[in-house]
Structures are given as C-alpha cells and as structure tokens.
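K.L.:
First the structure, then my questions, so here it is.
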Amino acid sequence: MYHFYDQYCLEQAGKSRLRILPPVDSSVSLDFSSNDYLGLATHPDVVNAAIEAARQYGAGSTGSRLLSGNYKLIEAFERQIARDKHTEAALVFSSGYQANMTVLASLLSRRVLPAPPLVFFDRLNHSSLYNAMFLSGVEYVLFDHNDMDDLRRQLQKYRVSSRPAFIVTETVHGMEGDLLPLAQLVDIAAGYNCFLYLDEAHATGLYGPQGYGLSTTVDLSPVPHMVMGTFSKAIGGAGAYVACNAVMQQFMLNRTAGFIYSTAPSPMSVAAAAQAWRMIPALAGQRQQVFAMADLLRRMLRANCITVMGDGTNIVPVCLGDESDTLALKKALLEDGMMVSAIRPPTVPTGTSRLRIAINALHDRASVNQLAEGIVRHLAAPMAEG
Ligand SMILES: Cc1ncc(COP(=O)(O)O)c(C=O)c1O
C-alpha cells in the first residue's frame, strides 16, 4: 500500500508543491523565515527560566492536568494571562494547533448546543481552524478574508435565530500579513448575536498597549467570546492559551478532548513562555523597530512594482502567483545567504504562491536593504527552475 502514498507525493512534486524539510546546516546569514519575532527564543532569561523549571519540576508534567499534571507554575501563568487579556480565566495548551482544533470543535458540539450551530468563517483561516470545522462536522459559511461587508451579506442571508451562530477568524493573518478590523467585527457580531472566536497567534506579543494582542485594544464584552493565542511566535516558545470567562474555562475542562486527554505542557516550555510573557510590555522599542522595518521593506518593494501584500504587520508576503517561480526566488535568495519561506497551495489559494517574509527584532535597515535588493535583482533576471 505504500504505493498510494508515494503516488500522492509524486503528484505534488509534479505541481511544484512537494514539501521538503529545509537544510539544517545551511549558511544563512539573514533569516526572514522565523516566527521568533522579538528574538525571545534565545534570550538568556527565557532559556534560564526553562532550565530552572526543569530542575524544580522535572522535564515532563507526568500526566493530564486533570490527573497528575497540574502544577503551581502553570496555574500562576494562566492567572497572569487572564489579567493581561482582561478576561476572568485562561487555559494553557501544548500547541496552538491542538488548542484551535479541539477547543473550537468542543464549542460546536451538538451534545451541548440546543440546535445545530452555524459558523461564519473567514475563507483564509488557518488549517487548525478548518480542521475544527471538519472534526465537529459543523455547517459553515465562508466570508471573504477580512471583508466585513461580505460577512454582513452572509449573515443576512444565512443567520437564523433558531441556530447558535459563531464567527471565527484571525486578528493578524499569518499568511496575508494584514489586520482584522476588530472593532467593526465586534459590532457586527453583537448585531447578529454571534459568538466570537479569535485567533491571536500572530498578534500576541506585538499589538496592544502592553503587547498582549489586538483583542486588548477593543471592548469585547458586548459579545460572548474566546481569544486564543500561541507562545510559538513572538513569545519565542511553544504552546498556546485560550482566554475566556470562568464558564468557558470550566466547559473546556469538561468537554475539550485535547485538554482532557493530553499530557499537560512540560514545565520547561511553560516557564519559558511565562518568562517571555512577563517581558513583553518592556519590548515596545523592539515592536516599533519591527513595524518600521516591515514598512520600509514594503515601500522599497512596491517602489519597484513588486506585488507585496498586507499592511501594518511584520509579515510581508511577496506574491508571485506561480509555485515554481516562488521556489526559484526562494532558492536564489538562499544562495545569497537569505532564508525566506515559500508558501504554496494548499496553504494559500491556487495562483497566490508567495514568499513569506517575517521581519523580526534582529533586522535592521541594512538587512532590509539587502533583502529588497536581492528580490529586485532576481526578479529582474530570469531565474532557473528551482
Ligand atoms: C493563525 C495560526 N493559528 C494557529 C497556529 C498553530 O500554532 P502552533 O504552531 O503553536 O501549533 C498557527 C501556527 O502556524 C497559526 O499561524
């Protein structure tokens, strides 16, 4: 039966969509592919917090939170997250993928709701959110990415008061590099009586007065809501949180399978994330620098008539459209010592293959110049198939 799986990969290769692991010993001098936006993954205080936690608690958590795996450190961190996200409670998960898939699926459960729910879902949402739709078998309506007029149209057309309704979206889009008009979305959700589920994977650490996400800039109290975010991007670690009220925290403890039946995150990763989290408010200068450099890169590329997507974020997607052109440009930049990500379908829609450039706190004017110059030069010259 291996043949079927081999055939699938061969087909992907034929479409320039085969995924391979990048080399681990490459001579990259400038890395624009990392999600460690604030450089916290290697910060000595963060690394030391992980080491200390391993000494105090051990390397593993030994069980589910509901059995042997609960510990002081994780509870204290959840209280801090709740405070900083202005919610009553929070729960920590081992990964963002696990949190989205399993929390959202449990919210949509037919065992819990009085009628089949209907989900209004941004069509470019992350795979983990899509998989929650598939896992729960729920009916969902797609709206155009960040398009509040289209969302209103879909709500007018499909919202019926007899069915519980949810709106699911990301506040900062990880592949489009743009921002959700959150205040407008809250008004719409309130007007149509919808539950709001927000993914702040790429917003956590970078937005809001203290850096704790876009959700902290808006009053979400007019609507029932849950806000998920990860420690895997600007927090520089691994794992995720869901911030919510006490009712929803208790519900997750009792219904969210990925929480109940999974070993609690390791004390090392929780301690590292908690340390990085505490450092976030003091990193306003780094946030400013990251946004200024991303803005500079966008302007330089656009001045050269290159199609750059998004605005107001440190994620700068350069859209080439075609898979093989995207791979070729990535390869050419790698040969110059610069690492960027090539993003192809099915991660993004067909015809929108792109380089995903993530600006982080280590990038300065010189690094941005070097990258912009490389992209412009390679796009001006015909590139070899890559
Ligand atoms: C929008 C979004 N949500 C969720 C995730 C999953 O997070 P994690 O990498 O912590 O599993 C990601 C990461 O790729 C993401 O971009």
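The values are calculated or read from the model by the stated rules, or taken from the named source; none is laboratory data. Keep in mind it's a predicted model, so treat the numbers as computed, not measured. With ideal geometry, Cβ positions are generated from the backbone for all residues, glycine too; neighbour counts draw on all protein chains shown. Ligands, DNA and RNA are stripped out before the accessible areas are found, and what is left, the full protein with its side chains, is counted by its heavy atoms. Shrake-Rupley method; radii C 1.70, N 1.55, O 1.52, S 1.80 Å.
K.L.:
Taking 26 Å as the cut-off for C-alpha to C-alpha distance, list the pairs among K15/K330; K233/K331; K72/K233; K85/K330; K15/K233 that go past it.
P.N.:
Over 26 Å Cα-Cα: K85/K330; K15/K233.
K.L.:
How charged is the neighbourhood of L40? Take every other residue with its Cβ under 13 Å from the Cβ of L40, and add Lys/Arg as +1 and Asp/Glu as -1.
P.N.:
Neighbourhood net charge equals +1.
K.L.:
Evaluate E = 1/(1 + (r/R0)^6) for T42 and R163, where r is the Cβ-Cβ distance and R0 equals 35 Å; express this FRET efficiency to the nearest 0.05.
P.N.:
0.15
K.L.:
What does the helix-only formula give at 222 nm for the chain: each DSSP H stretch with n ≥ 4 adding -39500 (n - 2.57), the total divided by the residues, and the result rounded to the nearest 500 deg cm²/dmol?
P.N.:
On the way: 13 runs with 159 residues, N = 386.
Computed mean residue ellipticity for the chain: -13000 deg cm²/dmol.
K.L.:
Hey, what did the chain get for relative contact order, percent, Cα under 8 Å, at least 6 apart?
P.N.:
Relative CO of the chain lands at 23 percent.
K.L.:
Between T350 and S26, with labels modelled 7 Å along Cα→Cβ, what's the label distance in nm to one decimal, could you check?
P.N.:
Taking the two extended label points, one gets 2.8 nm.
K.L.:
Could I have the simple spin-label model distance between Q156 and R19, label points 7 Å from Cα toward Cβ, reported in nm to one decimal?
P.N.:
In this crude label model, Q156 to R19 measures out at 3.9 nm.
K.L.:
Using 0.36 nm times the number of residues separating D147 and A380, minus their current alpha carbon distance, what extension gain do you get? Don't jump to the answer; show the numbers that get you there.
P.N.:
Working: separation 233, 0.36 × 233 = 83.88 nm, distance 3.36 nm.
In short, 80.5 nm is gained.
K.L.:
Roughly what % antiparallel, to the nearest 5, for the DSSP beta bridges in the chain?
P.N.:
50 percent
K.L.:
Tally Lys and Arg at +1 and Asp and Glu at -1 over the other residues with C-beta under 15 Å from the C-beta of S266: what net charge comes out?
P.N.:
Result for the neighbourhood of S266: +2.
K.L.:
Can you find, among L182, Y261, P44, the residue farthest towards the positive end of the dipole of the chain? Put +1 on the C-beta of Lys and Arg, -1 on that of Asp and Glu.
P.N.:
Y261
K.L.:
Of the peptides 177-190, 92-105, how do they stack up when ordered by the mean number of other Cβ atoms within 10 Å, highest first? Write down the numbers at each step before the final one.
P.N.:
Working: 177-190: 18.6, 92-105: 23.7.
Top of the packing list down: 92-105, 177-190.
K.L.:
In a shell of Cβ-Cβ distance under 13 Å around S27, excluding S27 itself, what net charge do Lys and Arg (+1) and Asp and Glu (-1) give?
P.N.:
-4
K.L.:
Then there's this: Convert each backbone phi in segment 136-144 into a coupling constant with the Karplus relation 6.51 cos²θ - 1.76 cosθ + 1.60 (shift: θ = phi - 60°), then list the ³J(HN,Hα) values in order as whole Hz, x for Gly and Pro.
P.N.:
Using θ = phi - 60°, the values come out as 7, x, 7, 7, 9, 10, 8, 10, 5 Hz.
K.L.:
In addition: Compute the distance in nm between two label points, each set 7 Å from the Cα along the Cα-to-Cβ direction, one at A59 and one at S127.
P.N.:
Output for this residue pair reads 2.8 nm.
K.L.:
Same structure, new question: Cα centroids of segment 195-225 and segment 296-361: how far apart, whole angstrom?
P.N.:
If we compute the Cα centre of each part, the gap is 27 Å.
K.L.:
Please report the equivalent ellipsoid semi-axes of the chain, computed as sqrt(5 x eigenvalue) of the Cα gyration tensor, largest first, in whole Å. Walk me through the numbers on the way to the answer.
P.N.:
Numbers: eigenvalues 220, 140, 94 Å².
Semi-axes, largest first: 33, 26, 22 Å.
K.L.:
Angle check, please: helix 284-303 long axis (alpha carbons) against the longest principal axis of the chain (alpha carbons), in degrees 0 to 90, nearest 10.
P.N.:
Around 50 degrees separate the two axes.
K.L.:
Suppose a student asked you for the relative contact order of segment 61-265, using Cα pairs under 8 Å spaced at least 6 residues apart; what percent would you report?
P.N.:
It comes to 29 percent, rounded to a whole number.
K.L.:
In what sequence, largest accessible area first, do C194, C319, C9 appear using a 1.4 Å probe?
P.N.:
On the way: C194 0, C319 35, C9 60 Å².
Descending order: C9, C319, C194.
K.L.:
Calculate the length of the line joining the C-alpha centroid of segment 67-144 to that of segment 1-42, in whole Å.
P.N.:
Value for the Cα centre distance between the two parts: 27 Å.
K.L.:
Using Stokes-Einstein with the Kirkwood hydrodynamic radius over Cα pairs, what translational diffusion coefficient do you get for segment 61-265 at 37 °C and a viscosity of 0.692 mPa s, in µm²/s rounded to a whole number?
P.N.:
194 µm²/s
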